[in-house]
Amino acid sequence: MKCEEIRELMSDLASGLMGITPEITGHLAGCGACAGKLEEFRQTMALLEEWQAPEPSQYFDVRLQARLREEMAKPQAGWLAWFRRPLLAAALTLLIGVGVGLFFTQHNAPYKPRHEEAAVIDPQTNQSMGPGTAVSDLQALDKNLDLYADFDLLDDLEVQQDVTANP
């Protein structure tokens, strides 16, 4: 027999659940390490058999019953107490989902950067003009005419007299 096989059987041999065969006896006679381990196992098993669980005190049952009465006297939280936390988590998850959904689907269209929204098509050349060109600026002002007409702060601005044209 090999040492690995003996080590697997060591706890059964030490506790007496398995009898010692002639093969095991032969191996233990020739291998001092396995014989020493078996003796240590036997000493440990003997020590465990001597150990006894301590008895509870004579007032254990009385204290346990009093503690149980205290716990039963506490007001019960009811079904709403365990329901609040998952409900709050679900509501916050739904709120975040709606917020993200609204962010990416403004006006039922995919999100467009500002520079793409301001791009205007020139009717004469049928080409896209970027923001900042004269035609696109005039078309943007024309689209927002009602907004600028009611904007009283523009009337209060002082015009610079030395500016004649944009460079």
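The values are calculated or read from the model by the stated rules, or taken from the named source; none is laboratory data. Here the structure is a predicted model, which is why all the values come from computation and not from measurement. Here the Cβ is made from the backbone with ideal geometry for all residues, glycine too, and neighbour counts use every protein chain on show. These accessible areas exclude ligands, DNA and RNA; they are computed on the full protein's heavy atoms, side chains included. Shrake-Rupley method; radii C 1.70, N 1.55, O 1.52, S 1.80 Å.
Quick one: would you say E55 is open to solvent by 90 Å² or more (accessible area, probe 1.4 Å), at pLDDT below 90 and more than 46 Å from the chain's Cα centre (by Cα)?
Values: open to solvent by 90 Å² or more (accessible area, probe 1.4 Å): yes; at pLDDT below 90: yes; more than 46 Å from the chain's Cα centre (by Cα): no.
Spelling it out, it is not the case that E55 is open to solvent by 90 Å² or more (accessible area, probe 1.4 Å), at pLDDT below 90 and more than 46 Å from the chain's Cα centre (by Cα).
Please verify whether the stretch 79-96 includes one or more residues that are assigned to a helix (DSSP H, G or I), modelled with pLDDT of 85 or more and loosely packed, with under 10 Cβ neighbours inside 10 Å.
To start, the set of residues in the stretch 79-96 that are assigned to a helix (DSSP H, G or I) comprises 79-96.
Filter once more, so that each one left must be modelled with pLDDT of 85 or more: 90-96.
Filter once more, so that each one left must be loosely packed, with under 10 Cβ neighbours inside 10 Å: none.
Taking every residue of the stretch 79-96 in turn, none turns out to be assigned to a helix (DSSP H, G or I), modelled with pLDDT of 85 or more and loosely packed, with under 10 Cβ neighbours inside 10 Å.
In the stretch 17-44, which residue that is open to solvent by 50 Å² or more (accessible area, probe 1.4 Å) and in contact (Cβ under 8 Å) with a residue 12 or more places away in the chain is farthest from the chain's Cα centre (by Cα)?
Looking at the filtered set, the residue picked out is E23.
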